[in-house]
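Asker: Please find one structure pasted underneath; my questions will follow.
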Amino acid sequence: MSRFWSPLVHKLTPYVPGEQPKMTDLIKLNTNESPYGPSPRALEAIRAADNDTLRLYPDPEALALRTALGARVGLGPEYVFVGNGSDEVLAHAFQAFFAHGEPLLFPDVTYSFYHVYCGLYSLPFRTVPLTDDMQVNIADYAGPCSGVVVANPNAPTGIALSLAEVRQLLELQPDRVVLIDEAYVDFGAESAVSLIKDYPNLLVVQTFSKSRALAGLRVGFAFGQPELIEGLVRIKDSFNSYPLDRLAQVGATAAVEDEAWFASSVQKVIASRTALAEGLQKLGFDVLPSKANFVYTWHPNRNAAELATQLRERAIIVRHLRGERTAAWLRITVGTDQQCEKLLSALRDILCSNSL
Ligand SMILES: Cc1ncc(COP(=O)(O)O)c(C=O)c1O
């Protein structure tokens, strides 16, 4: 606390990111990064741009990147917004669209940054409980509100909504923005991008951090009708007109163009996810059906926080989230097959030694 802080700063509860350990020999399954490196074409483009042009500001409109992202899904660049990680895109969207006096709606178990943005921008919100089996029930999102935010697949559950359910949500709230956070959509869920032209209230947010293995480059993006994109640009240009540096713009553009690398690394993660879920079930864990690059799991006879600590002692880190509905669970990023095997063998070991 400091007397120099504005009153708002005293009230903030900032987001606590997952650990980024200094030790390099840990098996890191805690922040849903890709276990595979980025597209070699992206790395090559970044190296090629590492030159004297860095003295110049980047393109404030990131037109080449927006054009490449739009072309991939049949949309012009006027339907695309980019920012410094999807966290920044989300923050701008909260500020641009959700201050209408009524509460913003989002699930009680979801990405915890949504609460943080509501605090930062003083937005009233109401959390909508997931069902007992951790599903989003669309009918619960009816009634007066400032907008709706749903992660699809949801985090940390990994459970996805169908396109029909997203459409239903858009039709429940035709006068409010419905933001679908698709950070994990490439791992097997249906993207709502195909609905953009039909629904002026739809904003779809995605990221390069997961399926494109570029968490360190910090690039996120949104698709929406031009009037929504213009709203985001008005916020961006009142905050930081150059959110994406030159290296990020060229690296991300090259990554979008490397469809073969993208498809193969996503397929590898999906295959490893199936094996990981089966391995956990054999050890007595309950595993939710995941369409993301992580699984959400709990063991009926074990304390999740203790399991996380015991794994850490064996140089494996997974994510344990406190909170009434999440304390019993572990969120485990899908690693390489070898990493998943090491995790399963460590758990086997822990479960055996605990039962002695
Ligand atoms: C649901 C969800 N949305 C958005 C993000 C933010 O991703 P980034 O800022 O790296 O694009 C994350 C990060 O883990 C996430 O889990």
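The values are calculated or read from the model by the stated rules, or taken from the named source; none is laboratory data. Given the structure is predicted, the values throughout are model-derived calculations rather than measurements. Please note: Cβ atoms are built from the backbone with ideal geometry, for glycine as well, and neighbour counts cover all protein chains shown. The area values use the complete protein model at the heavy-atom level, side chains included, leaving out ligands, DNA and RNA. Shrake-Rupley method; radii C 1.70, N 1.55, O 1.52, S 1.80 Å.
Asker: Checking the conditions here, which among 307, 347, 311 is in contact (Cβ under 8 Å) with a residue 60 or more places away in the chain, open to solvent by less than 30 Å² (accessible area, probe 1.4 Å), over 19 Å from residue 292 (Cα atoms) and more than 19 Å from the chain's Cα centre (by Cα)?
Answerer: Residue meeting the stated conditions: 347.
Asker: Collect the residues in segment 213-250 that are among the β-branched types (Val, Ile, Thr) and either open to solvent by 50 Å² or more (accessible area, probe 1.4 Å) or farther than 27 Å from residue 51 by Cα (or both), keeping them in residue-number order.
Answerer: 229, 233, 235, 250
Asker: Turning to a different aspect of this structure: What number of residues within segment 274-284 satisfy the criterion of being within 20 Å of residue 352 (Cα to Cα) and either under 23 Å from the mean Cα position of the chain (by Cα) or in contact (Cβ under 8 Å) with a residue 40 or more places away in the chain (or both)?
Answerer: Here the count works out to 6.
Asker: Where in segment 1-97 are there helices (runs of 4 or more DSSP H), lying wholly inside it, with at least 1 residues that are open to solvent by 50 Å² or more (accessible area, probe 1.4 Å) and free of Cβ contacts under 8 Å to residues at least 24 places away in the same chain?
Answerer: Counting at least 1 such residues, we get 7-11, 40-49, 63-72.
Asker: Could you check segment 109-135 and list, in sequence order, the residues that are touching a residue at least 40 places away in the same chain (Cβ under 8 Å) and assigned to a helix (DSSP H, G or I)?
Answerer: 113, 115, 116, 119, 120
Asker: Just need a number here: residues in segment 8-56 that are touching a Ser or Thr at 6+ places or on another chain (Cβ under 6 Å) and of a type outside the set (A, V, I, L, M).
Answerer: Qualifying residue count, segment 8-56: 4.
Asker: Working only within segment 136-176, note down all residues that are in contact (Cβ under 8 Å) with a residue 60 or more places away in the chain and within 16 Å of the ligand (Cβ to nearest atom).
Answerer: 153, 155, 156, 157, 158, 159, 160
The rows are residues; the columns are (1) closer than 21 Å to residue 223 by Cβ; (2) of a type outside the set (A, V, I, L, M, F, W, C); (3) modelled with pLDDT of 95 or more.
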position	(1), (2), (3)
54	no, no, yes
66	yes, yes, yes
70	yes, yes, yes
78	yes, yes, yes
93	yes, no, yes
115	no, yes, yes
140	no, yes, yes
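Per-residue answers, yes or no, for (1) open to solvent by less than 20 Å² (accessible area, probe 1.4 Å); (2) outside any loop (DSSP other than H, G, I, E, B):
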| residue | (1), (2) |
| --- | --- |
| 160 | no, no |
| 164 | no, yes |
| 193 | yes, yes |
| 199 | no, no |
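Asker: Separate question: Would you check which residues across segment 274-304 are open to solvent by 40 Å² or more (accessible area, probe 1.4 Å) and under 29 Å from residue 127 (Cβ atoms) and list them?
Answerer: 286, 289, 291, 298, 300, 302, 303
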